[in-house]
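The values are calculated or read from the model by the stated rules, or taken from the named source; none is laboratory data. On a predicted model such as this, the values are computed, not experimentally measured, just so you know. Glycine also receives a Cβ, built like all others from the backbone with ideal geometry; neighbour counts cover every protein chain displayed.
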Amino acid sequence: MAFVGRAVQRVALAAWPSLSPLCRTSSRSYSSEPTNEKNVPYEMTLKQESGAASGPTKPLPRSADVVVIGGGSLGCQTIYHLAKMGMTNVVLLERDRLTAGTTWHTAGLLWQLRPSDVEVELLAHTRNVISKDLEEETGLHTGWIQNGGLFIASNKQRLDEYKRLMSLGKVYGIESYVLSPAETKDLYPLMNVDDLYGTLYVPKDGTMDPAGTCTTLTRAASAKGATVIENCPVTGIQVRTDDLGVRKVKAVETAHGTIETQCVVNCAGVWATKLGDMAGVKVPLIAMHHAYVVTERIEGIQNMPNVRDHDASVYLRLQGDALSVGGYEQNPIFWEEVNDKFAFSLFDLDWDVFMQHIEGAINRVPVLEQTGIKSTVCGPESFTADHKPLMGEAPEVRGFFLGCGFNSAGTQKKNYVELLASKSIYLLLCLL
Ligand SMILES: Cc1cc2nc3c(=O)[nH]c(=O)nc-3n(C[C@H](O)[C@H](O)[C@H](O)COP(=O)(O)OP(=O)(O)OC[C@H]3O[C@@H](n4cnc5c(N)ncnc54)[C@H](O)[C@@H]3O)c2cc1C
């Protein structure tokens, strides 16, 4: 069994060639090829329900008002919100099964307080949808866990920022508290608070379950008349040029037939650039490896809030009686050749890249040094140059909308797309 503390040693040993060659060899067990034998910390993924994938799960309609491409977090949220807005002739096409791309292995953290009032409002909306609205509409629990969120301030500037976030939260009715190091220790006894200035505690933050959320979203959308079709890869986008020289979406081609439509929403995650190419639209995102590790059981961790330490670039997500440890990679690995066959798949973890998260995590929760690592989860995620999502109609082709490039926040900021893009789709359709 790998230990969190030993992982740091292994990478350090690899960095000094005069030390044991055995250690150096064992530290580099990664590959850029996908693997698919690893487990994510969910009891169920939609893959397990799928069985043999042979042809589309429903017949394709001849035409639709909107075709949403991709059945991940963004696609499912988009079709749900379109249906809720009264658009029923809408279709979602997923190449494999729902969540098969990035969504199935997301950490699913949802923090409501962000340094932008638009984001705060949208995150609060997302939280309401997955913690309340969907359950009321479908009678199904999405798997939402409200264990709270704790932001770490290890310098005065960060604490000042959190105080401002608390004020912003008050405007939007989001309960939050700035805690002293001693109060933080009371709340989270396993935490090292010696180097803390304070923390920001948001009791109604939590964690979403990707399979549960996407199933419930598509059930709710289907109940309102939307159509969700799995095992149906999109192979082409037909575009026409009108008399004024304006390029417009005409139809979506699949391996199983063509759907006439004037409106497409590209929610294909890291594959969105390929869908863009089909329509002659540039989608400026890049696919990178993004990862977390899941620890063995930690006594006393149960019911603790999720933790985000921005300065150490690390998060600790409660995983039952264990933790998932992850963060933003400073020296990420790009996924240069995005592979169409990659469904419910993962990469091997590169410990050199991941090491920085482990050091920060051990500093914050020292018991981690003696805790085993149960599994690693390293998957593809799309990032953009300005760390903002790509949303709305593409300038090159009328009726071709983007809902992608979510910079590792695609499960929590999804209503960005639904609220903004779906409203503009709706308005556009009214104008056509
Ligand atoms: C390790 C890790 C941890 C993360 N943790 C968090 C977190 O804590 N909080 C958070 O908010 N976000 C997190 N994220 C990010 C989040 O998971 C993603 O932003 C989100 O899942 C992306 O959803 P999506 O719908 O855009 O893409 P995807 O889930 O990839 O969905 C795209 C879908 O399009 C389908 N598709 C592709 N091509 C075609 C085609 N030609 N025809 C039809 N379908 C097609 C794919 O099969 C796929 O199912 C994390 C990501 C990773 C990798």
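Just name the residue that is nearest to the chain's Cα centre (by Cα) out of those in the range 213-240 that are surrounded by fewer than 21 Cβ atoms within 10 Å (Cβ to Cβ) and more than 14 Å from the ligand (Cβ to nearest atom). Filtering first and then ranking leaves Arg219.
Pairs are defined by a Cβ separation below 7 Å, a sequence spacing of at least 6 or placement on different chains, a first member in the range 46-65 that is over 17 Å from Trp104 (Cα atoms), and a second member that is surrounded by fewer than 17 Cβ atoms within 10 Å (Cβ to Cβ) and at pLDDT 75 or above; the pairs so defined are Gly55/His256; Pro56/His256; Leu60/His256; Leu60/Gly257; Arg62/Glu260; Ser63/Glu260; Ala64/Asn89; Asp65/Asn89. Within the range 321-342, being small (Gly, Ala, Ser) and at pLDDT 95 or above holds for Ala322, Ser324, Gly326. Of all residues in the range 96-111, those that are farther than 20 Å from Ile145 by Cα have Cβ atoms under 6 Å from Cβ atoms of residues that are surrounded by 24 or more Cβ atoms within 10 Å (Cβ to Cβ) and of a type in the set (Gly, Ala, Ser), 6 or more apart or on another chain, in Leu98/Gly71; Gly101/Gly72; Gly101/Gly269; Thr102/Gly269; Thr102/Gly379. Consider Glu37 carefully, then state whether it is assigned to a helix (DSSP H, G or I), among the acidic types (Asp, Glu) and modelled with pLDDT under 95. No.
When the residues of the range 254-270 are filtered to those that are outside any loop (DSSP other than H, G, I, E, B) and either of a type in the set (S, T, N, Q) or within 10 Å of the ligand (Cβ to nearest atom) (or both), the one that is surrounded by the most Cβ atoms within 10 Å (Cβ to Cβ) is Asn266. The number of residues in the range 300-342 being touching a residue at least 40 places away in the same chain (Cβ under 8 Å), over 25 Å from Gly101 (Cα atoms) and of a type in the set (Asp, Glu) comes to 2. Being modelled with pLDDT of 80 or more, touching a Gly at 6+ places or on another chain (Cβ under 7 Å) and not acidic (Asp, Glu): is that true of Leu420 here? No; evaluated as a whole, the condition is false for this residue.
In summary, Thr184 fulfils each of the numbered conditions (1) more than 26 Å from Gly320 (Cα to Cα); (2) without any contact (Cβ under 8 Å) to a residue 60 or more places away in the chain with the single exception of condition (1). Selection within the range 356-366: residues that are β-branched (Val, Ile, Thr) and part of a helix (DSSP H, G or I). The member of this set that is nearest to the chain's Cα centre (by Cα) is Ile358. Within the range 172-179, can one find any residue that is at pLDDT below 95 and surrounded by fewer than 19 Cβ atoms within 10 Å (Cβ to Cβ)? Scanning the range 172-179, I find at least one residue that is at pLDDT below 95 and surrounded by fewer than 19 Cβ atoms within 10 Å (Cβ to Cβ), so the answer is yes. Looking only at residues in the range 81-119 that are assigned to a helix (DSSP H, G or I) and within 17 Å of the chain's Cα centre (by Cα), the one that is nearest to the ligand (Cβ to nearest atom) is Thr103. Inspect the range 238-255 for any residue being over 20 Å from Asp65 (Cβ atoms), in contact (Cβ under 8 Å) with a residue 24 or more places away in the chain and out of contact with any helix residue (DSSP H, G or I) (no Cβ under 9 Å at 6 or more places or on another chain) and give the result as yes or no. No, the conditions are met nowhere in the range 238-255. Of all residues in the range 271-287, those satisfying the criterion of being crowded, with 20+ Cβ neighbours inside 10 Å and closer than 25 Å to Thr411 by Cβ are Trp271, Ala272, Thr273, Leu275, Gly276, Val281, Val283, Leu285, Ala287.
Residue-wise test of (1) at pLDDT below 95; (2) in a strand (DSSP E or B); (3) over 20 Å from the mean Cα position of the chain (by Cα); (4) not basic (Lys, Arg).
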position: Phe344; (1), (2), (3), (4): no, no, no, yes
position: Phe354; (1), (2), (3), (4): yes, no, no, yes
position: Leu368; (1), (2), (3), (4): no, no, yes, yes
position: Gly379; (1), (2), (3), (4): no, yes, no, yes
position: Gly392; (1), (2), (3), (4): yes, yes, no, yes
position: Glu396; (1), (2), (3), (4): no, no, yes, yes
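Among the residues making up the range 254-271, those that are within 15 Å of the chain's Cα centre (by Cα) and of a type in the set (Gly, Ala, Ser) are Ala268, Gly269.
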